[in-house]
Amino acid sequence: MEAAAKVKSIFVYPIKSCRGISVSQQAPLTPTGFRWDRQWMVINNNGRAYTQRNEPKLALVETELPNEAFLEGWEPTGRSFMVIRAPGMQALKISLSKPRDIADGVSVWEWCGSALAEGAEASNWFTNYLGKPSRLVRYNAESETRPVDPKYAAGEKIMFSDCYPFMLLSQGSLDALNKLLKEPIPINRFRPNILVDGCEPFSEDLWMGIRINNCTFQGVKLCDRCKVRTVVHSLRDFPSDTSICIHVFNNTEIVFQVPTINQDTGVAGPEPSETLRQIRSDKVLRPNQKQQGKNLVWKDNLSNGKVLKLGDPVFVMRKVNSAAEAAA
């Protein structure tokens, strides 16, 4: 079987809504996504998650992990840290060893539970940076479970991701979009986990099952990715493990979308949403069907111990004929 594409880039976002890390070689897989992905998040006084939708300044927060953190089987020591930086702030070091304190009443979207509190220094850092009471918490996998929507991927779970563990986007789709924009945008606007190259624009919309480095992923649904007055699906995702991108739906008033936020400045604008609605909305792609979306889930033995690498070939095992037939 001929490969449909290859893995060009892999991105991991340790702190939800903060800048991601482009890994240099590989990233270990876990049942909830890439290791370290969305394992931390910033919350307000009530325990509710901050995201770029309500705090665009998070786009300017950089995270750095040790290079060895992406090696298969690596475990942190007492000298292992995540380093956090932001404009006007001194660097903050967070130990990769799990904290002992518990923060109760933590919530993100529909989920509420307890998390591990990273302490006063981290709280003060984010409070000063955002200008409002803030805390940094870490997902507590030992005591909590956050399942995805069982209608689409029963039995799958995530940490602090929005909906599913992975998001996949093709370079061809981004290039096709940029040809229509007055000012081209970089890949970081869509915050994917996996960027593939070598396929036709938007062909990933049709992929219902793919294999990368002997790991099988199943297409689940389109991704929800924006703040709206009514429900709206905006980016194509591949599920419980992979998500797909670039799908903005119509028939609703979009107030704010993460892809509209310039990740270098934290300032939002009208694009690329305006253009995407003209070429990729349900009105265009699915005129006779309701709004739908797509994500991926990892369907192999769901245990740690596998990695995806840059350059890995992507094989399409199953696909549909048109976006209108895509799973929802």
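The values are calculated or read from the model by the stated rules, or taken from the named source; none is laboratory data. Computed from a predicted structure; not experimentally measured. Heads up, the Cβs are rebuilt from the backbone with ideal geometry, glycines too, and the neighbour counts pull from every protein chain shown. Each accessible area value is taken on the protein alone, full model and side chains, heavy atoms only, with ligands, DNA and RNA left out. Shrake-Rupley method; radii C 1.70, N 1.55, O 1.52, S 1.80 Å.
Count the net charge of all other residues whose Cβ sits under 12 Å from the Cβ of Leu116, scoring Lys and Arg as +1 and Asp and Glu as -1.
Spelling it out: positives minus negatives among the neighbours equals -1.
Among the listed pairs Lys8/Lys151; Lys151/Lys306; Lys6/Lys57; Lys16/Lys93; Lys151/Lys319, give every one whose C-alpha distance is greater than 23 Å.
In this structure, Lys8/Lys151; Lys151/Lys306; Lys6/Lys57 exceed 23 Å between Cα atoms.
If you take the charge dipole of the range 29-171 about its Cα centre, with +1 on Lys and Arg Cβ and -1 on Asp and Glu Cβ, which of Thr63, Asn140, Leu130 is farthest toward its positive end?
Result: Leu130.
Treat every Asp and Glu Cβ in the range 1-100 as -1 and every Lys and Arg Cβ as +1, leave all other atoms uncharged, and give the resulting dipole magnitude about the Cα centre to the nearest 20 debye.
With only Lys, Arg, Asp and Glu charged at Cβ, the dipole is about 400 debye.
Residue by residue through the range 151-158, which ³J(HN,Hα) values in whole Hz follow from phi under the Karplus form 6.51 cos²θ - 1.76 cosθ + 1.60 (θ = phi - 60°), with glycine and proline marked x?
Karplus values, whole Hz, x for Gly and Pro: 5, 10, 7, 4, x, 7, 9, 9.
FRET efficiency for Ser322 and Glu64, Cβ-Cβ distance as r, R0 = 41 Å, nearest 0.05?
Efficiency for this residue pair is about 0.45.
Could you give me the ³J(HN,Hα) list for the range 107-113, computed from phi with Karplus coefficients 6.51, -1.76, 1.60 and θ = phi - 60°, whole Hz, x at Gly and Pro?
9, 9, 6, 8, 8, 9, x
What does the accessible area per residue of the range 74-160 come to in Å², with a 1.4 Å probe and no ligands, DNA or RNA counted?
53 Å²
Collect residues whose amide H, placed 1.01 Å from N in the peptide plane, falls under 5 Å from the amide H of Tyr13; neighbours closer than 5 in sequence don't count.
Ile21, Arg38
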